[in-house]
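*Asks:* Here it is: the structure, laid out below.
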Amino acid sequence: MGFNSFTFILVFLPVLMIGWHALNRLQKYTVADVLLIIMSLYFYYTFGVNFLIILSVSIGVNYALSAVLKKIDSRNTTDSNIHKKLIKIIGVLFNLGLLFYFKYLGFFADNLNVVFKTGLTVDKIIMPIGISFFTFGQISYIVDRANGEAPHYSFVEYTLYTAYFPKLIQGPIAFHKEMIDQFRDKSLRTYDSVKFSAGIISFVLGLSKKVILADVLSKIVNYGFEQTYHLDT
């Protein structure tokens, strides 16, 4: 379900907007966040159930590491700094390992075969959409947690930060504080006709650029790349 699909524009977005504003108007802020998480996860699920599993595992492992850091802080022993560094290393390696496996393993194997004349074979791996965005975002959080520069957020807040659908598949890589602070700001949860209108205008302009310009020009670009074999003649 892309941002330019009829399902997204006519069903997903209206349901989400109505539910979000209704729950916030009733001051059910946590329920509103849960609704946004469910809708974001469903949005990601439409690209493949395996992608959703990978995202869920990534969120679960990183949040668990943050919880371990919270326990280390509560103990405040002489070995706390060493333990924090260990958790930071584990977190970074886990996230980079996940990214390497899905995004670069095939590329790495191909280059080894070329350089060292090896016969490594890697089954075709389908890269989860947006994996770089949610992986690097979580790395920044784990590093900040280990360095004492970020709190241990609630599971709802952390999941919302990571899975928030507008940035999930196309970025940008947003820092946890700038996003979660906005979600916590109740003044931003009230309906504002001026901001809503500006949002609609921005969405329509972006959609127009995508459908009228990008999609049309991409056909010309793809045709050009398909003819590159003529360069050798």
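The values are calculated or read from the model by the stated rules, or taken from the named source; none is laboratory data. What you are looking at is a predicted structure, and each value in this text was computed from that prediction instead of being measured. Positions of Cβ are generated from backbone atoms using ideal geometry, with glycine treated the same way; all protein chains shown enter the neighbour counts. Just the protein is used for accessible areas: all its heavy atoms, side chains included, with ligands, DNA and RNA removed. Shrake-Rupley method; radii C 1.70, N 1.55, O 1.52, S 1.80 Å.
*Asks:* Run down the lysines and flag those whose C-alpha is under 25 Å from the C-alpha of K209, throwing out any fewer than 8 positions away in its chain.
*Replies:* Hits, sequence-local ones excluded: K167, K195, K219.
*Asks:* Could you check how many percent of all C-alpha pairs in the stretch 1-151 are farther apart than 27 Å?
*Replies:* Details: 5121 of 11325 pairs.
Percentage above 27 Å: 45.
*Asks:* So for the pair M1, I129, with labels modelled 7 Å out along Cα→Cβ, what separation do we get in nm?
*Replies:* 1.1
*Asks:* Right, something else. Please tell me the relative contact order of the chain in percent, rounded to the nearest whole number, where contacts are Cα pairs under 8 Å and at least six residues apart.
*Replies:* 24
*Asks:* Taking a spot 7 Å from the Cα of N111 along the direction of its beta carbon, which residues of the stretch 84-100 have an amide N less than 15 Å from it?
*Replies:* Taking a point 7 Å out along Cα→Cβ of N111, the residues of the stretch 84-100 whose backbone N falls under 15 Å are 100.
*Asks:* Go through H152, H176 and list them by solvent-accessible area, largest first, probe radius 1.4 Å.
*Replies:* These residues rank, largest area first, as H152, H176.
*Asks:* To make sure I understand the rule: partners must be lysines, Cα under 24 Å from the Cα of K85, and not fewer than 8 residues away in the same chain. Which ones qualify?
*Replies:* Once the sequence-local lysines are set aside, what remains near K85 is K70, K71, K177.
*Asks:* Follow-up. Compute the FRET efficiency between S74 and F155 as 1/(1 + (r/R0)^6), taking r as their Cβ-Cβ distance and R0 = 22 Å, and round to the nearest 0.05. Please report the intermediate quantities before stating the final value.
*Replies:* Numbers: r = 18 Å, r/R0 = 0.82.
Approximately 0.75, to the nearest 0.05.
*Asks:* For I212 paired with N81, estimate the spin-label separation in nm (one decimal), with each label point 7 Å from Cα along the Cα-to-Cβ line.
*Replies:* 6.0
*Asks:* Still on this structure: Scanning the chain for helices, which whole DSSP H stretches are 20 Å or more long along the axis (Cα) and average 1.0 or more by Kyte-Doolittle?
*Replies:* The qualifying helices are 29-45, 49-75, 80-99, 193-208.
*Asks:* What figure in square angstrom, to the nearest 10, would you give for the accessible area of V143 with a 1.4 Å probe?
*Replies:* Taking all protein chains as shown, V143 has close to 40 Å².
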